[in-house]
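Take a look at the structure set out below.
The values are calculated or read from the model by the stated rules, or taken from the named source; none is laboratory data. Note that the coordinates shown come from a computational prediction; the quantities given were computed from them, not determined experimentally. Quick reminder, even Gly has a Cβ in these numbers, built from the backbone with ideal geometry, and neighbours come from all protein chains shown. When the accessible area is computed, the model is the full protein with side chains, heavy atoms only, and any ligands, DNA or RNA have been set aside. Shrake-Rupley method; radii C 1.70, N 1.55, O 1.52, S 1.80 Å.
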Amino acid sequence: MSTFRNLSSSRRLALGLLGLAGAGGAGLALSLERAVSAADADRFAHAPHFHWPHEGFLDSYDVKSIRRGYEVYKNVCAACHGCFTVAYRMLRNVCMTPEEAKAEAKRATYLDGPNDEGEMYNRPGKTADYLPKPYPNEQAAAYANGGKAPPDLGLITFARHGYENYIFALLTGYQDPPAGFQVDEGLYFNPYFRGGALAMPPPLYNEVLEYSDGTPATKSQCAKDVACFLRFAAEPWHDERKKLALKLVSLLALISAALAYYNRHVWTVLINRKVMYVPKKKSS
Ligand code: HEC
């Protein structure tokens, strides 16, 4: 086998230089990355970390919060944002009874068709329908919102650094711009938004709606609940995933214990063997 020591000296030098260049390159990349995030840092604030009810390894979603979050979404956000990942049937047995989900779907109207006469028609929603979209297309959405189309919220939690922390920080972070910060017409200052100003007017304030469960609807309560709902929208199988992981981990622990026992069992004779050298007795 050839080792570093018995390579020729020129090869050793070449290899050494290659190593140095690699390490240098990695260092440069790291410092550039740092420089970029430092430049970003003065443009927008990093969302702080909050303790979410579903955060821990063994924690499931807080379904009451999801129910309230759905109410916030429906009464406030749905005027401008769609949520393409949630169908009414998915709310069933999560934050609504099957009857409630059915009634909720029926209250929405969907354009369907064409019928036998080739006409499109409106029909009440079914539980299989996904939540209705506020605008027929992206252009209409942009036109109604000063040129910036409100993004679909279905996967927004996973599409932003900080996940639901970002949603919460964004919704509660509106404030007056610092002196000297120019905010264009039709934009609102928010330090959590990349660039510092966005086209969404502050959607939440205290008592923006009345919760059906009587929880006081403060701004931060609404922001927390809608963040929980949007996390649910992005990952409806969250609870199943954790349950499966728990089963897998316990199963693996059992299998490892069995294998460890079997391993000892197989090797026990060899491990416990005593090797003795008995000198031959000299025959006298
Ligand atoms: C009046 C319309 C309107 C309402 C109501 C509204 N939004 Fe928005 N929202 C917008 C627009 C417009 C943008 C795009 C902003 C931009 O890109 O400058 C946006 C962007 C966003 C973004 C993406 C920010 C990013 O990082 O790109 C999130 C998240 C969001 N809204 C959440 C919500 C939530 C949650 C609610 C309900 C509590 C809500 N919005 C209510 C109009 C609205």
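For ALA217, what residues show an amide H to amide H distance below 5 Å, using hydrogens built from the backbone and excluding near sequence neighbours?
GLU207, TYR211
Ordering VAL249, VAL278, VAL86, VAL94 from largest to smallest accessible area (1.4 angstrom probe), what's the sequence? Could the numbers behind the result be given before it?
Values: VAL249 85, VAL278 120, VAL86 0, VAL94 45 Å².
Descending accessible area places them as VAL278, VAL249, VAL94, VAL86.
List the aspartates and glutamates whose Cα sits under 20 Å from the Cα of LYS64, skipping any in the same chain fewer than 8 residues away.
GLU55, GLU99, GLU100, GLU104, GLU164, GLU207, GLU210, ASP213, ASP225, GLU235, ASP239, GLU240
Taking the Cα of PHE57, stepping 7 Å toward and past its beta carbon, and measuring to each backbone N in region 254-284: which are under 17 Å?
254-257
On the full set of protein chains, 1.4 Å probe, figure out the accessible area of SER212 and give it in Å² to the nearest 10.
Counting only protein heavy atoms, SER212 exposes about 80 Å² to solvent.
Between ALA260 and ALA79, what length comes free when the chain is fully extended (0.36 nm per residue of separation minus the Cα-Cα distance, one decimal in nm)?
Details: separation 181, 0.36 × 181 = 65.16 nm, distance 5.94 nm.
Using 0.36 nm per residue and subtracting the Cα-Cα distance, I get 59.2 nm.
Using θ = phi - 60° and the Karplus form 6.51 cos²θ - 1.76 cosθ + 1.60, what ³J(HN,Hα) does each residue of region 158-170 get, whole Hz, x for Gly and Pro?
Along region 158-170, the couplings run 7, 8, 10, 4, x, 6, 5, 4, 5, 4, 4, 4, 5 Hz.
What nm distance separates the two modelled labels at LEU155 and ILE271, each placed 7 Å from Cα along Cα→Cβ?
Those two pseudo-labels are separated by 5.0 nm.
For the chain, take every pair of Cα atoms, bin their distances at 10 Å starting from 0, and report each bin as a whole percent.
Going out from 0 Å in 10 Å bins, the chain shows 5, 18, 22, 16, 13, 10, 8, 5, 2, 1, 1, 0, 0 percent.
For the pair ASP213 and TRP237, what calculated FRET efficiency results from E = 1/(1 + (r/R0)^6), where r is the Cβ-Cβ distance and R0 = 41 Å, to the nearest 0.05? Could you put the intermediate results ahead of the total?
Details: r = 25 Å, r/R0 = 0.61.
It comes to 0.95.
Indicate the gyration tensor shape class of region 68-224 (rounded, prolate or oblate), computed on the Cα atoms with a ≥ b ≥ c the square roots of the eigenvalues: a/c under 1.5 is rounded; otherwise a/b larger than b/c is prolate and the rest oblate.
Oblate shape, in that a/c is at least 1.5 and b/c is the bigger or equal ratio.
Using protein chains only and a probe of 1.4 angstrom, how many square angstrom of TRP267 are accessible, to the nearest 10?
120 Å²
Which residues' amide hydrogens lie under 5 Å from the amide hydrogen of ASP112, considering only partners 5 or more residues apart or on another chain, with H built in the peptide plane?
TYR121, ASN122, ARG123
Check ASN190: other-chain or 5+ apart residues with amide H under 5 Å from its amide H, H built from backbone geometry?
Placed amide hydrogens put ALA197, LEU198 under 5 Å from ASN190.
Counting only protein chains, not ligands or nucleic acids, how are GLU185, GLU117 ordered by accessible area (probe 1.4 Å), most first? Display every interim value, and only then the final one.
Details: GLU185 180, GLU117 155 Å².
Largest accessible area first, the list is GLU185, GLU117.
As a test of reading the structure, rank TYR174, TYR130 by solvent-accessible area (1.4 Å probe, protein chains only), most first. Could you put the intermediate results ahead of the total?
Working: TYR174 35, TYR130 95 Å².
Ranking TYR174, TYR130 by accessible area, largest first, yields TYR130, TYR174.
I'd like the accessible area for LEU15, computed on protein heavy atoms only with a 1.4 Å probe and all protein chains in place. Round to 10 Å², please.
My reading of the accessible area for LEU15 is about 90 Å².
Would you kindly state how much longer the chain becomes between LYS64 and LEU15 on full extension, computed as 0.36 nm times their sequence separation minus their alpha carbon distance, in nm to one decimal?
Working: separation 49, 0.36 × 49 = 17.64 nm, distance 6.16 nm.
Taking 0.36 nm per residue and subtracting the Cα distance, the gain is 11.5 nm.
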